[in-house]
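Novice: So that we are looking at the same thing, I have put the structure below in C-alpha coordinates.
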Amino acid sequence: MGNQLFQQARESVAYANSVASGAVQGDKYEAILKAKNALSSAFVNSTEAERAQLREFQQTIESI
(Lines give C-alpha, C1' and ligand atoms only; values in the text may rest on other atoms or scores of the structure.)
Protein backbone atom coordinates (compact mmCIF):
# COMPACT_ATOMS: atom_id res chain seq x y z
CA MET A 1 0.00 0.00 0.00
CA GLY A 2 2.86 2.41 0.66
CA ASN A 3 3.37 5.28 2.98
CA GLN A 4 0.26 7.48 2.72
CA LEU A 5 1.96 10.49 4.36
CA PHE A 6 4.81 10.22 1.86
CA GLN A 7 2.30 10.15 -1.01
CA GLN A 8 0.53 13.23 0.37
CA ALA A 9 3.83 15.08 0.73
CA ARG A 10 4.80 14.27 -2.85
CA GLU A 11 1.43 15.44 -4.16
CA SER A 12 1.51 18.61 -2.04
CA VAL A 13 4.96 19.54 -3.30
CA ALA A 14 3.92 18.90 -6.90
CA TYR A 15 0.83 21.08 -6.42
CA ALA A 16 2.83 23.91 -4.79
CA ASN A 17 5.33 23.76 -7.63
CA SER A 18 2.50 23.94 -10.19
CA VAL A 19 0.95 26.94 -8.44
CA ALA A 20 4.32 28.71 -8.22
CA SER A 21 5.00 28.16 -11.91
CA GLY A 22 1.56 29.42 -12.90
CA ALA A 23 0.43 26.10 -14.38
CA VAL A 24 -2.34 25.87 -11.79
CA GLN A 25 -4.23 28.72 -10.22
CA GLY A 26 -4.16 28.88 -6.42
CA ASP A 27 -2.75 30.57 -3.34
CA LYS A 28 1.03 30.13 -3.54
CA TYR A 29 1.63 30.85 0.16
CA GLU A 30 -1.04 28.37 1.26
CA ALA A 31 0.19 25.68 -1.13
CA ILE A 32 3.76 26.04 0.17
CA LEU A 33 2.60 25.96 3.78
CA LYS A 34 0.58 22.78 3.19
CA ALA A 35 3.53 21.16 1.43
CA LYS A 36 5.87 22.00 4.31
CA ASN A 37 3.41 20.54 6.81
CA ALA A 38 3.01 17.40 4.72
CA LEU A 39 6.78 17.02 4.49
CA SER A 40 7.14 17.32 8.26
CA SER A 41 4.45 14.71 8.87
CA ALA A 42 5.87 12.30 6.31
CA PHE A 43 9.42 12.49 7.60
CA VAL A 44 8.57 10.89 10.96
CA ASN A 45 7.41 7.51 9.66
CA SER A 46 9.43 7.19 6.48
CA THR A 47 12.20 4.84 5.43
CA GLU A 48 15.69 6.14 4.73
CA ALA A 49 15.03 6.00 0.98
CA GLU A 50 11.82 7.99 1.43
CA ARG A 51 13.68 10.50 3.61
CA ALA A 52 16.18 11.08 0.82
CA GLN A 53 13.31 11.87 -1.55
CA LEU A 54 11.63 14.04 1.07
CA ARG A 55 14.83 16.08 1.35
CA GLU A 56 14.72 16.61 -2.42
CA PHE A 57 11.08 17.69 -2.11
CA GLN A 58 12.12 20.11 0.64
CA GLN A 59 14.72 21.61 -1.68
CA THR A 60 12.04 22.06 -4.32
CA ILE A 61 9.84 23.94 -1.86
CA GLU A 62 12.75 26.10 -0.70
CA SER A 63 13.49 27.09 -4.29
CA ILE A 64 9.96 28.34 -4.95
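Novice: Is it possible to state the helix-based mean residue ellipticity at 222 nm for the chain, with each DSSP H run of 4+ residues giving -39500 (n - 2.57), the sum divided by total residues, to the nearest 500 deg cm²/dmol? What is it?
Specialist: When only DSSP H runs of four or more count, the value is -26500 deg cm²/dmol.
Novice: Given a 1.4 angstrom probe, what's the average accessible area per residue across the chain, in square angstrom?
Specialist: For the chain, the per-residue accessible area is 66 Å².
Novice: Another question about this same structure. Any idea of Thr47's accessible area? Nearest 10 Å², probe 1.4 Å.
Specialist: Rounded to the nearest 10, that gives 80 Å².
Novice: Would you mind computing Rg(Cα) / (2.2 N^0.38 Å) for the chain, counting N as its residues?
Specialist: 1.06
Novice: Using 0.36 nm times the number of residues separating Ala49 and Leu33, minus their current alpha carbon distance, what extension gain do you get?
Specialist: 3.4 nm
Novice: Using a 1.4 Å probe on the protein chains only, how many percent of the accessible area of the chain belongs to carbon and sulfur?
Specialist: Carbon and sulfur together cover 49 percent of it.
The values are calculated or read from the model by the stated rules, or taken from the named source; none is laboratory data. Everything quoted here is computed from the prediction, not taken from an experiment. For accessibility, only protein heavy atoms count, side chains too; no ligands or nucleic acids. Shrake-Rupley method; radii C 1.70, N 1.55, O 1.52, S 1.80 Å.
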